[in-house]
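Accompanying notes for the structure given below.
Only the coordinates and a few stated rules stand behind these numbers; no lab work does. Owing to the predicted nature of the structure, the values given are computational and were not obtained by experimental measurement. Glycine also receives a Cβ, built like all others from the backbone with ideal geometry; neighbour counts cover every protein chain displayed.
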Amino acid sequence: MQFKSHMQAALAEAEAAAARGEVPVGAVIVAPSGAVVARAGNRTRELNDPTAHAEILAIRAACAALGSERLVGYDLYVTLEPCPMCAAALSNARIARLYYGAGDPKSGGVAQGPRIFAHPQCHHVPEVYDGIAADPAEKLLKDFFAARR
Ligand SMILES: [Zn+2]
């Protein structure tokens, strides 16, 4: 199934982020044609940039490649529930469908916390599919933080 293979690509980005010493979260953006147009992992430490989350970097790369500020009809796959900042960016980018892996009780902003897409000020709401390959995504994060303790 296609959504599984795209989440595998996101997981590979998360693994690469862990290998760089970054919080292991990965994201890919898929065009309406089914082509992967951007892939990214967290780079907040490398770039000294608190906004360099996987989703933000993937959105920037896809928009630059497309020459557009919007990604109408595009889907985003990310290994972890997006934080409020990334959820708002997804909405602004007009992402059609969001697929994510593990829920994030600490920092998530979609199914918990501020629930960005349920807010009346949120003008574009993507379809949301959660729990896609949640187990390997969660394991990556647990192993990463266990190794830092
Ligand atoms: Zn984020």
Here the qualifying pairs (Cβ atoms under 6 Å; residues six or more apart or on different chains; first in segment 72-85 and in contact (Cβ under 8 Å) with a residue 12 or more places away in the chain and more than 12 Å from the ligand (Cβ to nearest atom); second among the basic types (K, R) and part of a loop (DSSP other than H, G, I, E, B)) come out as V72/R94
Just to be sure I understand, how many residues within segment 11-36 are surrounded by fewer than 18 Cβ atoms within 10 Å (Cβ to Cβ), more than 23 Å from A147 (Cβ to Cβ) and in contact with a Leu (Cβ under 7 Å, 6 or more places away or on another chain)?
0
I'd like to check something: does segment 85-97 contain any residue that is surrounded by 16 or more Cβ atoms within 10 Å (Cβ to Cβ), within 15 Å of G41 (Cα to Cα) and within 8 Å of the chain's Cα centre (by Cα)?
yes
Restricting segment 109-149 to residues that are of a type in the set (K, R) and out of contact with any Gly (no Cβ under 8 Å at 6 or more places or on another chain), which is surrounded by the fewest Cβ atoms within 10 Å (Cβ to Cβ)?
R149
Expected single match for touching a residue at least 24 places away in the same chain (Cβ under 8 Å) and either over 23 Å from P136 (Cβ atoms) or among the aliphatic types (A, V, I, L, M) (or both) among A118, A38 is A38
